[in-house]
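For reference, the structure discussed in these notes is given below.
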Amino acid sequence: MVSDSKDLSQNISLILRVRWPESSLFHTAEATESAELIYREQPDIVMLHCPEPGGGPLALDCFGLISQIRSFSNVPIIVLSGRDGVIDKARALQLGADDWMIPSTVPMEFIARVSAILRRCFPSNNRVSSLVNGKLGINYATREVFVSGKQVKLTPIEYKILCHLVRNEGSVVSHTELLHNIWGPKYGADKEILKMGVYRLRCKIEQDHTNPEIIFNERGVGYMIRPSHATEPTPFVIS
C-alpha cells in the first residue's frame with residue numbers, strides 16, 4: 001500500500017483480512033521507497049493511493065509511479081482515488097494499472113474486485129500441471145510446488161524463478177531477463193545473486209543438485225527448463 005494516509009491503510013488492511021485472514025499489508029508513504037519495497041517483498045498486489053491534486057506529494061507522482069512499477073514488475077496494481085475524471089482513469093489504465101476504485105468502495109465490492117484481479121493474474125487451477133516427465137508440479141492457485149508428489153517449500157524469490165522458467169519452457173532465459181523480472185532493474189548485472197537463487201532452488205527440487213534434471217544451465221547465457229518429450233505425463237491432483 002502506497003499512501004499518505006495511515007487511516008486508509010489500516011481500513012484496507014481490515015477489509016482484506018476479512019477475506020484473507022493471513023494476509024500482511026506493507027505500508028509506505030514515500031513514493032521513492034515504494035519500488036524498493038516491491039523489489040524486496042514481492043507482493044501479490046500493489047495498492048496505490050492517488051489523492052486529489054494538492055492532497056499530498058503522491059498526487060504529483062502516482063502516474064509516474066505506475067510506469068516505474070511496470071518497468072520491472074507485472075504485479076497487479078489497484079489505484080485508489082476519489083478523482084472522477086475519465087482522463088485520469090484512462091491514463092492510469094493505459095500506463096498499466098489493473099483497476100481504479102474510490103477509497104470508500106463498499107467492503108463487499110472491494111473484496112470482490114480484488115478477488116477478480118487475483119483470479120485473472122493468478123489463475124485458479126486445482127489440477128497440478130505435470131512438467132519435466134511428471135517430476136515437477138505447480139498449483140498456481142495456492143502457489144504450492146510438488147516434486148514427485150511431495151510438497152517442497154520455496155521462498156517467494158525461488159517460486160518466481162521457477163515460474164518464470166516454466167512459462168518459458170523449452171527456451172533459454174537470459175541472466176539479464178531473470179534478474180530484471182525477479183529482482184528488478186537495479187540488479188540487472190548481479191549474476192551472483194541469481195546464481196545463488198538458482199542454487200537454492202535446485203537444492204529443493206532436484207534429486208541431485210550437482211546433476212540437475214529440471215533446471216539446466218546454458219553457460220554464459222542463462223537457464224532453461226527443457227520441454228518434456230515422448231508421451232505426455234499423467235497429471236496428478238492434490239488430495
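In the set 170, 137, which member is part of a loop (DSSP other than H, G, I, E, B), modelled with pLDDT of 80 or more and more than 18 Å from the chain's Cα centre (by Cα)?
Only one candidate passes the filter, namely 170.
May I ask you to verify whether residue 66 is under 27 Å from residue 33 (Cα atoms), more than 16 Å from the chain's Cα centre (by Cα), among the β-branched types (Val, Ile, Thr) and in a helix (DSSP H, G or I)?
Working: under 27 Å from residue 33 (Cα atoms): yes; more than 16 Å from the chain's Cα centre (by Cα): no; among the β-branched types (Val, Ile, Thr): yes; in a helix (DSSP H, G or I): yes.
When the stated conditions are applied, residue 66 does not pass them.
Return the residue satisfying two criteria in turn: it lies in the stretch 86-110 and is closer than 18 Å to residue 5 by Cα and assigned to a loop (DSSP other than H, G, I, E, B), and of such residues it is farthest from the chain's Cα centre (by Cα).
104
Consider the stretch 199-211. How many of its residues are at pLDDT below 90 and surrounded by 13 or more Cβ atoms within 10 Å (Cβ to Cβ)?
Looking only at that region, the number is 1.
Residue 13: more than 20 Å from the chain's Cα centre (by Cα), part of a helix (DSSP H, G or I), surrounded by 12 or more Cβ atoms within 10 Å (Cβ to Cβ) and not aliphatic (A, V, I, L, M), yes or no?
no
Just for the stretch 19-30: of the residues that are more than 19 Å from the chain's Cα centre (by Cα) and surrounded by 12 or more Cβ atoms within 10 Å (Cβ to Cβ), which one is nearest to residue 107 (Cα to Cα)?
Let us first name the residues in the stretch 19-30 that are more than 19 Å from the chain's Cα centre (by Cα), namely 19, 21, 29-30.
Now restrict to residues that are surrounded by 12 or more Cβ atoms within 10 Å (Cβ to Cβ): 19, 29-30.
Working: 19: 10, 29: 23, 30: 26 Å.
Out of the qualifying residues, it is 19.
What is the number of the single condition among (1) of a type outside the set (Val, Ile, Thr); (2) surrounded by fewer than 18 Cβ atoms within 10 Å (Cβ to Cβ); (3) closer than 20 Å to residue 14 by Cα that residue 49 does not meet?
So the condition that residue 49 fails would be (2).
The values are calculated or read from the model by the stated rules, or taken from the named source; none is laboratory data. In this text, all values refer to a predicted model and were calculated from it rather than measured experimentally. For neighbour counting, all protein chains shown are included, and Cβ atoms are generated from backbone atoms with ideal geometry for every residue, glycine included.
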